[in-house]
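Bear in mind that the values in this text are calculations on the coordinates, not laboratory data. Every value quoted in this text rests on a predicted model; they were computed, and no experiment measured them. Cβ placement follows ideal geometry from the backbone for every residue including glycine, while neighbour counts extend to all protein chains displayed.
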């Protein structure tokens, strides 16, 4: 008895010491670089800096996915009506770090879903964009700090252990129309964030902050000032640039070898009315390549010049190496809201491939430089709606199969531009969009990244806003607007499993990690976060 | 940039939501009533007329010309525009308060705002209409506690639809099918054909109210086909089935229905 008690005490103290050692420091910059090479972690929005959202885990396979079962459900107690619970949880040392609607946030026990702490920001009553889309897509993490942006356009550092605010800095004046919703990206010793609010008279930017102090290190405006490069793509002598939009509300990606940050920009403002902003409106609806040390732009690629359909380019730019025409190319891939799938050289920004992945009637071809050859502006007969051929929900990429998995939307809408009255703090869409209810559907599509051809699709009854996760075992996890969380075979698109979550899966993509040696798959939906795993082995 | 996504049936409604800040954003609430109503008229034409009709007497959505006559208030109309109507194609609006107020001001200028006639606006007999209704329509439609469930509940139809809209709905039933009343035909793997109203559908299942008024869910794995029928379960009641005089009576009766459910 005494001996047994001693042994037990010995085991307990070893465990305590072990945990304490493991907890020290939290993720370092090197851990962030390692990304998914440590499958018991998920340390940044897309899992790693490539944005591929493709896990090396192989416990759950096409052969056993039908046995997936819910392990627990976490209820947030807060929701965004008509929008989503859009978070990708971060996982570190068995703990999940989760942000929710209305700037709630939690640290959850990965084993049970039980909270360690809850944070809730007191928000002002006069939010602007943040009142219309009170969402958040997740934390950034470094050491013992978590980084979160807010609907009143602040950036916060929270203490990872307690959820208390360490510092709080202002990104922009929310009363004008700014808000922030994205998951920050931590690169080396910088917290990189973007801004929302392109429906208001705002000017987009990408910022870098010191993770220790919150001091701003640089700001890159996405719309130029007078006389700067790109300013000739706007009317001279007007206020159009100062309120030109170009919001930056989706997390970018990073190539540490090229020391380049890839970050996308949103619509010009007003969204639908373009007469007062003649020109291409650089650098809206573009992909920007930036030097993370200074914020200086290396190159840009504009997907939709002079956009009048609200087709933001705010997607996760997916980095990969592909063999194209016999040579190995470093590429960045984007399935864009304008209905085209793009492969760019990520060193130069030059177009390598570009083809529609949807049935869009707006344009069917790009010219050699990548400029769309527009056939229909959508004012007479319909083109895709203002949510586009896909949206910000993350895609995934399986390098072994060369397949890019994306949620595609097929819609039909006509646009009626109207000159807006521009008032600070009031949205300025500049028109009306009419959607045809009988012409709206969705699909999960697998695109051959080199050829742009569709390998397979799984059709949904309505357009979905759910993101995608894939795994090295040959699985794709996706979601639909009817609430199903689903698993498919990556090679064939065969449906393997689904679970009805009870609310549209909206903006969120799944993440996966191992906990106590068992692979977990998590998805946010409605007011719930649900963890799935294969049944635990029976005790002997 | 992005707002709410609605289900397949109501997909088009995002138009109104997306319109949430268009041309008249910034109309101060202190505008003269006439100017506000004028602004509201423009907003109405762009965002509401598709469903409620250019003259607001109702097409797919209800007649809006008799809201105040039926006892509603400015606040209630404001909140209905703001929040939408759950379970219908009427979406919530994120338009600025000033625009919603302008719409309310415009709607209030329409039709029978203050001088409501309680007399039937149609030209038939209420009593005859009621009798014909229960012979012809009551199997599928409900008024108060009586009637069937395969068609929309008509307890308040006199509030929401004009006589003209009712005539059209009876003569050409499939021209505008009320959301939630789309007919579907299912064929099971055992060869049975079922017809019912499509109450819900996702990639793997369909939920119907069958023709025996039984709520039934089916897994698509157990079905050979799920077809959305072009025709409503309600046939077009042409003059051969409902002579003009009977139609007048039925419509007259229906316009008197303003009860609460």
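Some notes on this structure:
- Three-way shape call for region A:86-221 based on the alpha-carbon gyration tensor, with the a/c threshold at 1.5: oblate
- As a rough footprinting exposure proxy, the listed residues B:247, A:142 were ranked by other beta carbons within 10 Å of their own, and the order from fewest upward is B:247, A:142.
- Counts of other chain beta carbons within 10 angstrom of each beta carbon in peptide A:481-490 average 2.
- Order of B:224, A:169 under a 10 Å beta carbon neighbour criterion, fewest first: B:224, A:169
- Of the beta bridges in region A:43-533, as assigned by DSSP with both residues counted there, near 95 percent are antiparallel.
- For A:433-444, mean number of other protein chain Cβ atoms within 10 Å: 5
- P(r) for the protein assembly as shown, from all Cα pairs and a bin width of 20 Å, is 16, 46, 30, 8, 1 %, short bins first.
- Helix A:2-23 vs. chain A, principal-axis angle (Cα, 0 to 90°, nearest 10): 20 degrees
- Relative contact order for chain A: 14 percent, from Cα pairs under 8 Å spaced at least 6 residues apart, divided by residue count.
- Diffusion coefficient, µm² s⁻¹, Stokes-Einstein with Kirkwood Rh over alpha-carbon pairs of region A:441-540 at 4 °C and 1.567 mPa s: 91 µm²/s
- Mean residue ellipticity (222 nm) of chain A, computed from DSSP H runs ≥ 4 via -39,500 (n - 2.57), nearest 500: -2000 deg cm²/dmol
- Per-residue Cβ neighbour counts within 10 Å put A:530, A:347, A:98 in the sequence A:347, A:530, A:98, beginning with the fewest.
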